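Input: a single structure, listed below in structure tokens.
The values are calculated or read from the model by the stated rules, or taken from the named source; none is laboratory data. Given the structure is predicted, the values throughout are model-derived calculations rather than measurements. Here the Cβ is made from the backbone with ideal geometry for all residues, glycine too, and neighbour counts use every protein chain on show. Surface accessibility is based on the protein's heavy atoms, side chains included, excluding ligands, DNA and RNA. Shrake-Rupley method; radii C 1.70, N 1.55, O 1.52, S 1.80 Å.
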Amino acid sequence: MAATAPPAHARVVIIGGGIVGCSVAYHLTKLGWRDVVLLERRELSCGTTWHAAGLVGQLRSSHNLTRLARYGAVLYERLEAETGQATGFRRCGSISVARTAERLIELKRGASMARCFGVEVEPISPAEAGKLWPLMRTDDLAGAVWIPGDGRTNPIDTTLALARGARRGGATIVENATVTGITRRNGAAVGVETDRGDVTAEVVVNCAGMWGREVGRLAGVNVPLHAAEHFYIVTEPLAGVTRELPVLRDTDGYIYVREEVGGLLMGGFEPAAKPWGMDGFPRDFAFSLLPEDWEHFRVLMEQACVRIPVLETAPVRRHVNGPESFTPDNRYMLGEAPELRNFFVAAGFNSVGIASAAGAGQALAEWIVGGQPSMDLWDVDIRRFMPFQGGAAYLRERTREVVGLLYAMHWPFRQPETARGVRRSVLHDRLAGRGAVFGVVAGWERANWFATAGVEPRYVYTYGRPSWFPCAAAEHRAVREAVGIFDQSSLAKLLVQGPDAAAALQRLCANDVDVAPGRIVYTQMLNARGGIECDLTVTRLADDAYLVVTIAASATHDADWIRRGLDGARVSLTDVTSAYTVLGVMGPRSRDLLARLTSADLSNAAFPFGTTREMDLSAAMVRATRITYVGELGWELYVPTDFAMGVYEELVAAGESFGLRHAGYHAMDSLRLEKGYRSWGHDIGADDTPLEAGLGFAVAFKKEFVGREALLRQRDKPLARRLASFTLEDRRALLFGDEPIWRDDVLVGRITSGAYGHTLGRSVGLGYVSHPDGVDATFLSSGRWELELATERFAATARLEPPYDAAATRVRA
Ligand SMILES: Cc1cc2nc3c(=O)[nH]c(=O)nc-3n(C[C@H](O)[C@H](O)[C@H](O)COP(=O)(O)OP(=O)(O)OC[C@H]3O[C@@H](n4cnc5c(N)ncnc54)[C@H](O)[C@@H]3O)c2cc1C
């Protein structure tokens with residue numbers, strides 16, 4: 001192809017001509033942006049795309065991601081008619097089989113979830129699976145599910161079809177042009193340097209696949225991904241293999257299989273993967289493969305022969321070992337980088353880039369053109385990552401594990417095993433000494449539960465009652481009846497200071513934060529649609545200083561949201577997370593315990609709910625804030641980290657006579673759900689307004705704030721969608737989240753988070769309910785309510801108010 005030089009200017013420059021870059025270009029032109037330039041260092045699809053297996057699955061872990069994946073099948077089906085370039089897409093359906101009873105529960109839970117997301121999934125018997133896939137052994141299977149809408153496509157042809165559509169829409173595609181630098185000005189990307197001249201641009205998009213981390217570094221942007229070797233084989237044609245054969249997934253055997261030119265293509269996700277290329281990729285790596293590794297492939301081959309005995313003797317035509325990029329949590333990265341304005345990323349596709357490219361490209365194009373995402377994309381938002389996660393050692397270690405996690409059991413509460421111990425509270429070892437079993441969030445090791453005598457201090461995963469059930473129950477009871485101590489140091493703490501701090505935060509927060517120093521305000525920050533971008537507490541420390549506290553998982557996201565919102569104001573934002581250890585002292589006896597150690601007056605009159613003050617605690621000065629996430633009297637203590645150990649020791653020693661117990665995040669979840677407290681990223685997010693979420697009490701309509709107009713429009717009408725509390729009648733059934741909600745046999749919603757409520761003695765959850773005529777207390781108290789657990793329905797009670805202490809008397813005790 002004749003080497004065209006890149007133009008000197010474009011509205012948007014896309015780096016990378018794989019399926020993702022081409023999809024972004026295609027969708028930008030669909031939205032009317034014609035001045036789009038895509039730069040590819042070699043030729044279109046030459047990176048990872050060309051050798052993909054082309055599976056196009058629809059079901060993903062969340063509603064919006066499933067929406068995007070479903071769009072892939074629709075687009076690839078119609079692209080040929082639109083562009084004249086065939087994609088090779090075929091809706092052959094897919095079968096997932098279960099070798100064990102627990103895997104079958106997982107598949108059935110997926111089938112239930114799919115119902116909420118509008119994907120047709122049908123549980124089928126092993127015999128029925130055998131009819132659809134005659135070469136498969138089925139006598140050892142526990143069951144299967146059938147997804148008729150799934151398909152497969154030809155990755156190269158699909159990429160070329162997207163590229164052709166983009167060109168027709170006005171885009172310029174330049175091959176053999178390598179981006180060597182990102183031009184930046186005033187904290188924004190303003191163009192790229194290439195080996196064939198510079199291009200100025202308003203927007204730069206990093207779609208460089210496994211090169212994405214390197215390209216990110218050119219821009220000073222953290223793109224945590226790592227390549228790993230990924231394998232499949234293709235056999236010679238086999239009798240009984242037809243083009244109509246569905247895709248087969250036997251995840252207990254780590255494998256997927258589909259038809260390929262009359263033979264079988266078999267690949268998989270082995271439990272211990274081979275990270276590759278951390279020291280850089282060969283310069284001329286294009287349409288290239290890595291060396292065969294039959295020894296490494298053996299684990300997949302052996303399992304495949306168990307499922308499809310004919311593979312034992314089938315002649316292998318091709319062994320493919322191609323690199324693909326993986327992220328620390330197995331989800332791709334999308335969005336504008338928090339470090340650099342106008343620099344967008346779509347990379348790290350964890351082996352589902354073909355299936356995801358259409359939806360990801362569309363969503364990113366909407367984000368670029370609209371200035372914000374058109375829907376809640378938190379699951380894949382690049383701002384979920386922390387700077388340390390871009391580190392080479394961390395990524396290499398985690399990548400060994402994440403590849404296999406794609407097909408491993410998705411156990412409730414499953415924790416990663418690699419790259420652990422990265423961020424620890426100063427109390428970590430003390431808590432470990434008391435039997436703490438840790439989970440990890442944003443790198444933080446957090447005590448999830450404390451093993452009691454006779455319970456092994458480690459996770460034994462199950463869909464049933466876990467080994468830690470009685471431990472969490474005891475912790476829960478201590479908080480309800482006496483006092484518990486939580487290490488909440490992972491909370492992100494942001495200091496917002498300056499003469500404009502109050503005015504700027506008033507505009508960003510839905511609640512009134514222009515309060516007297518010493519007050520703490522629970523508030524949301526909203527997008528223009530009224531959706532909840534941040535859910536946090538804002539404490540006024542002084543006329544010109546606030547402490548903003550949010551959950552660990554959204555630290556980067558919330559800091560970015562606030563920083564953008566402060567634009568131009570005389571305000572600084574400083575992350576002081578590491579400066580403070582946070583101890584939650586929660587429960588009816590918390591006042592008595594703290595009173596033993598402080599000279600401060602902790603009475604209701606002197607220290608009411610929603611206030612904060614510095615006070616002595618033993619020999620230290622701490623900030624005590626009267627707030628709770630568990631629904632009891634309690635204080636969060638912000639202790640300078642160097643004083644934390646001493647304060648902790650004093651509390652534990654004095655706590656003995658008050659029944660103090662160490663408590664972890666599993667107990668906290670159970671406590672907060674009984675009280676109906678929402679969790680951002682689960683119960684509330686960018687698609688949910690405070691009115692729908694039952695947080696209208698935290699909206700100060702009397703002042704201006706971002707999102708107010710949208711809320712005003714919603715306020716005057718009956719709410720067609722509302723968050724409600726649910727409890728199950730069956731005391732043994734367990735809620736984990738994502739269960740469908742039925743009312744009088746009509747699917748009306750989905751549980752967003754659930755746990756066992758140890759005070760209620762049954763499972764409790766929160767979930768959105770929709771009805772076109774409006775959802776109110778009468779609607780919830782009438783009708784027959786059921787929640788669907790792994791395709792089985794269980795009777796439930798629905799209500800707007802929390803099932804525990806709805807009047808909040810205990811919090812204000
Ligand atoms: C063996 C295998 C099987 C797979 N099977 C499936 C499957 O069945 N289904 C599925 O959905 N996914 C599958 N995948 C994953 C899928 O192939 C990828 O997720 C997808 O191709 C990623 O596309 P991309 O555009 O992000 O990356 P790429 O295709 O790698 O594109 C990135 C492009 O950026 C270019 N580039 C890099 N740096 C620069 C620079 N500085 N300047 C200009 N250009 C640059 C590269 O040359 C490259 O062409 C599979 C992957 C492998 C390895």
Item to check | Rg [Å, one decimal], Dmax [Å, integer] - the stretch 677-813, C-alpha atoms | outcome: 15.4, 48
Next on the checklist: Normalised by the empirical 2.2 N^0.38 Å for globular proteins, what value does the Cα Rg of the chain take?
Outcome noted: 0.97
Checklist entry - Cα convex hull of the stretch 304-355: mean projected area in nm², to one decimal? => result 6.0
Checklist entry - Using unit Cβ charges (K, R positive; D, E negative) and no other charged atoms, how large, in debye to the nearest 20, is the dipole of the chain about its Cα centre? => result 820
Next on the checklist: Give me the extension gain from residue 522 to residue 645: residue separation times 0.36 nm, minus the current Cα-Cα distance, reported in nm with one decimal.
Outcome noted: 41.4 nm
Item to check | Solvent exposure of the chain as accessible area per residue, Å², 1.4 Å probe | outcome: 36
Checklist entry - Once you charge only the Cβ atoms, +1 for Lys and Arg and -1 for Asp and Glu, what is the size of the charge dipole of the stretch 1-112 about its Cα centre, to the nearest 20 debye? => result 420
Checklist entry - Nearest 0.05, what FRET efficiency do residue 198 and residue 43 give at R0 = 25 Å with Cβ-Cβ as r? => result 0.70
Checklist entry - Along the charge dipole of the chain, Cβ charges K/R +1 and D/E -1, which of 182, 538, 347 sits furthest on the positive end? => result 538
Checklist entry - In the full protein assembly as shown, how much of residue 758 is accessible to a 1.4 Å probe, in Å² to the nearest 10? => result 40
Checklist entry - For the chain, what is the relative contact order in percent, using Cα pairs closer than 8 Å and at least 6 residues apart in sequence? => result 11
Checklist outcome for this item: Rounded to one decimal in nm, the spacing of the 7 Å Cα→Cβ label points at residue 306 and residue 8 is 6.5
Checklist entry - If you line up the long axis of helix 101-117 against the longest principal axis of the chain, both from Cα atoms, how many degrees apart are they, to the nearest 10? => result 90
Checklist entry - Which listed residue (765, 783, 291) has the Cα farthest towards the positive end of the charge dipole for the chain, taking +1 on Lys and Arg C-beta and -1 on Asp and Glu C-beta about the Cα centre? => result 783
Next on the checklist: What number do you get for the stretch 279-385 when its Cα radius of gyration is normalised by 2.2 N^0.38 Å, N = residues?
Outcome noted: 1.45
Checklist entry - Label points 7 Å out from Cα along the Cβ direction at residue 481 and residue 781: separation in nm? => result 3.2
Item to check | Placed amide H near residue 61: partners under 5 Å, 5+ positions off or other chain | outcome: none
Item to check | Degrees, to the nearest 10: 555-565 long Cα axis against longest axis of the chain | outcome: 80
Next on the checklist: Tell me the relative contact order for the stretch 368-470 as a rounded percent, counting alpha carbon contacts under 8 Å between residues six or more apart.
Outcome noted: 19
Checklist outcome for this item: The base-10 log of I(q)/I(0) that the Debye equation returns for the stretch 662-712 at q = 0.14, 0.16, 0.25 Å⁻¹, one scatterer per C-alpha, is -0.47, -0.58, -0.99
Checklist outcome for this item: With 0.36 nm assigned to each residue of separation and the Cα-Cα distance removed, residue 792 to residue 317 gains 166.5 nm
Checklist entry - How would 493, 274, 131, 703 rank on accessible area, largest to smallest, probe 1.4 Å? => result 131, 274, 703, 493
Checklist entry - Which FRET efficiency, nearest 0.05, do residue 599 and residue 575 yield, Cβ-Cβ r, R0 25 Å? => result 0.20
Item to check | 20 Å cut-off, amide nitrogen to a point 7 angstrom out along residue 544 Cα→Cβ, residues in the stretch 554-573 | outcome: 563, 566-573
Checklist entry - Pulled fully out, how much extra length does the chain show between residue 30 and residue 244, if you take 0.36 nm times their separation in residues and subtract their Cα-Cα distance? => result 73.8 nm
Item to check | Principal-axis tilt of helix 353-370 within the chain, Cα atoms, nearest 10 degrees | outcome: 60
Next on the checklist: Give me the percent of accessible area attributable to carbon and sulfur for the chain, probe 1.4 angstrom.
Outcome noted: 50
Checklist outcome for this item: At 10 °C in a medium of viscosity 1.306 mPa s, the stretch 22-90 has a Stokes-Einstein diffusion coefficient, with Rh taken as the Kirkwood radius over alpha carbon pairs, in µm² per second, of 113
Next on the checklist: Starting from the 7 Å offset along Cα-to-Cβ, what nm value, one decimal, do you get for the label separation of residue 460 and residue 747?
Outcome noted: 3.6
Checklist entry - Among 666, 807, 64, whose Cα lies farthest out toward the positive end of the dipole of the chain, if unit charges sit on the beta carbon of Lys, Arg (+1) and Asp, Glu (-1)? => result 807
Checklist entry - Given R₀ = 56 Å, FRET efficiency for residue 432-residue 717 by Cβ-Cβ distance, to 0.05? => result 0.60
